[in-house]
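Read through the structure below, which is laid out as structure tokens, and then see the notes.
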Protein chains: 4
Amino acid sequence: MPNLYDRIQGRSLERLAALSDGIFAVAMTLLVLDLHIPTASQVHSEGELFAALAALGPQWIAYGMSFLTLGIFWAGQQTQLSHIAQGTRDLTWIHLGFLFSITFMPLSTRLLAEFIAYRAALGIYWLNIFLPGAMLYWSWTYATHASLIKADTPIEVRGSICRRILIAQSLYAAGAALCFINTGASITAIVLVQLNYAIAPRLGRQKK
Amino acid sequence: MPNLYDRIQGRSLERLAALSDGIFAVAMTLLVLDLHIPTASQVHSEGELFAALAALGPQWIAYGMSFLTLGIFWAGQQTQLSHIAQGTRDLTWIHLGFLFSITFMPLSTRLLAEFIAYRAALGIYWLNIFLPGAMLYWSWTYATHASLIKADTPIEVRGSICRRILIAQSLYAAGAALCFINTGASITAIVLVQLNYAIAPRLGRQKK
Amino acid sequence: MPNLYDRIQGRSLERLAALSDGIFAVAMTLLVLDLHIPTASQVHSEGELFAALAALGPQWIAYGMSFLTLGIFWAGQQTQLSHIAQGTRDLTWIHLGFLFSITFMPLSTRLLAEFIAYRAALGIYWLNIFLPGAMLYWSWTYATHASLIKADTPIEVRGSICRRILIAQSLYAAGAALCFINTGASITAIVLVQLNYAIAPRLGRQKK
Amino acid sequence: MPNLYDRIQGRSLERLAALSDGIFAVAMTLLVLDLHIPTASQVHSEGELFAALAALGPQWIAYGMSFLTLGIFWAGQQTQLSHIAQGTRDLTWIHLGFLFSITFMPLSTRLLAEFIAYRAALGIYWLNIFLPGAMLYWSWTYATHASLIKADTPIEVRGSICRRILIAQSLYAAGAALCFINTGASITAIVLVQLNYAIAPRLGRQKK
């Protein structure tokens, strides 16, 4: 049995949610800080300004992709927490680990924008998609195991959350593996998987 | 019908509001980070300090204008969310798209401050006013369509929100179009429209 | 009477409080970003590191003073909002004006740290204490006038809030005016007034 | 007895918690901003990229350690506030002092990453662990003294919170003192103590 102090720690899911919202908000906005714009001394006409902005292509792609990643993990964490009845200190630390991996996103985005043709940069970026996913998976299995799930959560929701993480992460891993053939193809695949999670369910729904 | 995981995602309007407040707070404060101040080595008297600060005119204008824009969109989103009874994953992603366009504001502000006489910079800035407006319009028509509006919301409020967005965006577009004549006139027009939404209703009210 | 859209805008004091907490949190933390530390190439011994840090004196003073200022205004706004029953769009925009002046604090701090012996820098810094105070005063008189104060707020609290702002601002103005004699004396006076609001009431209490 | 204004100030623990979550969120995310990545011009192969990232070792260690520190203090403050029934202005200012020391964390992390072999840098870093601990200790003894603790808080919880701070700070101080022998050993010891608070209770629990 944990000692008294550990039993009273980390009970507040509200504060965990507030800290998470804060970290996601800062990370999402900081991405932009790393975007470089041309300076006035380099540009002498409207056309040159457009050309200079277009030349920054890799950073726009890395930025858009990272916002999607952050949005997906934010939505995923929110879904989990909304089905958990109560916090514990272990759950708190699992989520702090999750948030730790989230705070790296601006850094691996910068790295990818700087080295968009390098497998090493793409591998690190993929790790930054894999690790938050692994932490969320751990969070959910821990919460199930420790009986922290809300009583009114249907049994099929429990499996659904694990399944969603496993399928998404398999797709991301497959996309990342494409970098051994071509880093451009790999990035395209990852963005398509992300867009699928952000948009496609709408299409799927309309077909039915 | 969406699959199970999509039905349980994105239900928490509280967390969406908290993420939004965080992003607006960071974006509003980051604007200042891009303001450059003179350095001690350039300035040798009180007069020179004032002159150096005054020479930074364009960045002060771009900054004030961007704070107004952010304030207007923050108030607009708050008004909408206060009339929505419940979130869905689609609504969540529409608002993540809205927030994505908001995170660009410090960037397009920096661009405008650097290239205040360029139509391209003004056009991009205008896009950054148009896109959040379009997302909010989409959010409201989606919420109406998906029956997410609170039951006690009067029917005339529904139309009022759409109308407000359409009129404001028409005025912004007209202001932005002035840049084909003169970018200074265009910026003045946009700021006047913004001040109208921030202040003028007080005047209008006192007249009645 | 305001039009329909203006009547439904800005009702949520919770979101105004959340935006304010976010802006204060970012501003308080950003102050540190502007603190420069010595680089490894300049320093070759433990003693030189201490000396290099001590040489940065003006920036530590400006930083500590700005954190105090932000803390005082955060506490002041919180006190006001806790006595207001409901928001309106005008109240929202008064507080957005207040927050606008708050976002300038990292900038005027940077300016003061760079030009600590310049009256112009101190004058701008003082403006950054005066303006938020003026906005809070306006907010409270507006709220009183528009009958937004909570019914259970004792009548003497109303006067107390106005009086507090007027006395504090008079002391700040007197402190700032000392810069015509000596900027060091002026900064000392302002810090003493701030410390009085942060700490002294404890002393006052113990005396009684 | 404090004057009227001081009695009505700082009552909202919710806003104090929100400000704290914001400051911790920004501080945790800002740490990454100071991490430098290699630039494209320095790197010509996948191997060189890995080598360049590995050469940044000290900054990764300082970063991980600081995230742990911030997580530990965030959890500690949350535990305290969850047992306090009501705020006062003195409690608010003690916590503003706590948050002030937290905002220094990105700075002392940067200093430690730049001067990882210097005792002065480690000493300042340790101060940044000691001061928040001291403020939290003060906060809890003040709250006990001023009868702000929730009525349903078991009497043994009160002692448990003080004991936890005293033991942890003794261990940190012992770890920091190792720097007189070797700064590497000192950093290792501090990280082990931190990991003990983040992870070890799980091991301890499973043994029982």
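The values are calculated or read from the model by the stated rules, or taken from the named source; none is laboratory data. Note that this is a predicted model, so its numbers are computed, not measured. Neighbour counts run over all protein chains shown; Cβ positions are idealised from the backbone, glycine included.
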Item to check | Count of region A:21-32 residues which are free of Cβ contacts under 8 Å to residues at least 60 places away in the same chain and aliphatic (A, V, I, L, M) | outcome: 4
Next on the checklist: Condition first: within 9 Å of chain B (Cβ to nearest Cβ), in a helix (DSSP H, G or I) and among the hydroxyl-bearing types (Ser, Thr, Tyr). Now tell me which residues in region A:19-60 satisfy that.
Outcome noted: A:20, A:29
Checklist entry - Restricting attention to region A:143-173, which residues are among the charged types (D, E, K, R) and closer than 26 Å to residue A:127 by Cα? => result A:158, A:163, A:164
Item to check | Count of region A:104-120 residues which are facing another protein chain (nearest Cβ under 7 Å) and part of a helix (DSSP H, G or I) | outcome: 7
Checklist outcome for this item: The correct count of residues that are farther than 15 Å from residue D:116 by Cβ, over 32 Å from the mean Cα position of the chain (by Cα) and surrounded by 14 or more Cβ atoms within 10 Å (Cβ to Cβ) in region C:25-48 is 1
Checklist entry - Quick check, is residue B:134 within 28 Å of residue A:51 (Cα to Cα) and within 14 Å of chain A (Cβ to nearest Cβ)? => result no
Item to check | So residue C:189, is it away from chain B (no Cβ under 14 Å), in contact with a helix residue (DSSP H, G or I) (Cβ under 9 Å, 6 or more places away or on another chain), of a type outside the set (Val, Ile, Thr) and in a helix (DSSP H, G or I) | outcome: yes
Item to check | Scan of region C:152-190 for residues that are more than 17 Å from the chain's Cα centre (by Cα), more than 30 Å from residue C:118 (Cβ to Cβ) and in contact (Cβ under 8 Å) with a residue 40 or more places away in the chain, ordered by number | outcome: C:153, C:157
Item to check | Boolean, residue A:42 is at pLDDT 90 or above and over 18 Å from residue A:25 (Cα atoms) | outcome: no
Checklist entry - Take the residues of region B:1-18 that are touching a residue at least 40 places away in the same chain (Cβ under 8 Å) and at the interface with chain A (Cβ under 7 Å from one of its Cβ atoms): which is surrounded by the fewest Cβ atoms within 10 Å (Cβ to Cβ)? => result B:2
Checklist entry - Is there a residue being surrounded by 19 or more Cβ atoms within 10 Å (Cβ to Cβ), in contact with a Pro (Cβ under 8 Å, 6 or more places away or on another chain) and on the phi < 0 side of the Ramachandran plot anywhere in region B:58-67? => result yes
Checklist entry - polar (S, T, N, Q), under 30 Å from residue D:163 (Cβ atoms) and under 13 Å from the mean Cα position of the chain (by Cα), is that true of residue D:103? => result yes
Checklist entry - Out of the residues in region B:148-165 that are away from chain C (no Cβ under 12 Å) and either at pLDDT 90 or above or crowded, with 17+ Cβ neighbours inside 10 Å (or both), which is farthest from residue B:190 (Cα to Cα)? => result B:148
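Residue by residue, here is whether (1) closer than 23 Å to residue C:64 by Cα; (2) in contact with a Lys or Arg (Cβ under 9 Å, 6 or more places away or on another chain); (3) not hydroxyl-bearing (Ser, Thr, Tyr) holds:
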{"position": "D:19", "(1), (2), (3)": "yes, no, yes"}
{"position": "D:48", "(1), (2), (3)": "no, no, yes"}
{"position": "D:64", "(1), (2), (3)": "no, no, yes"}
{"position": "D:76", "(1), (2), (3)": "no, yes, yes"}
{"position": "D:89", "(1), (2), (3)": "yes, yes, yes"}
{"position": "D:93", "(1), (2), (3)": "yes, yes, yes"}
{"position": "D:104", "(1), (2), (3)": "yes, no, yes"}
Checklist entry - Can we say residue B:126 is more than 12 Å from every other protein chain (Cβ to nearest Cβ), more than 24 Å from residue C:10 (Cβ to Cβ) and surrounded by 17 or more Cβ atoms within 10 Å (Cβ to Cβ)? => result yes
Checklist entry - Just to be sure, is residue C:69 facing another protein chain (nearest Cβ under 10 Å) and part of a helix (DSSP H, G or I)? => result no
Checklist entry - Pick from B:80, B:86: which is outside any helix (DSSP H, G or I) and among the polar types (S, T, N, Q)? => result B:86
Checklist entry - Which of the residues spanning region C:126-151 are of a type outside the set (Gly, Ala, Ser), in contact (Cβ under 8 Å) with a residue 40 or more places away in the chain and assigned to a helix (DSSP H, G or I)? => result C:126, C:128, C:129, C:130, C:132, C:135, C:136, C:138, C:140, C:142
Item to check | Residue selected from region B:97-123 under the condition surrounded by fewer than 23 Cβ atoms within 10 Å (Cβ to Cβ) and touching a Cys at 6+ places or on another chain (Cβ under 8 Å), by the criterion modelled with the highest pLDDT | outcome: B:123
Checklist entry - Among the residues of region A:78-94, how many are at the interface with chain D (Cβ under 10 Å from one of its Cβ atoms) and not small (Gly, Ala, Ser)? => result 4
Next on the checklist: For the list (1) touching a residue at least 24 places away in the same chain (Cβ under 8 Å); (2) within 18 Å of residue B:28 (Cβ to Cβ), I need the number of the one condition that residue C:100 fails.
Outcome noted: (1)
Checklist entry - So which residues in region A:45-67 are small (Gly, Ala, Ser) and either at pLDDT 80 or above or touching a strand residue (DSSP E or B) at 6+ places or on another chain (Cβ under 7 Å) (or both)? => result A:45, A:47, A:51, A:52, A:54, A:55, A:62, A:64, A:66
Checklist entry - Between a first residue in region A:44-70 that is over 19 Å from residue A:110 (Cα atoms) and a second residue that is of a type in the set (Ser, Thr, Tyr) and outside any helix (DSSP H, G or I), which pairs have beta carbons less than 9 Å apart while being 6 or more apart in sequence or on different chains? => result A:45/B:118; A:46/B:118; A:49/B:118
Checklist entry - Given D:11, D:15, D:7, which one is basic (Lys, Arg) and in a loop (DSSP other than H, G, I, E, B)? => result D:11
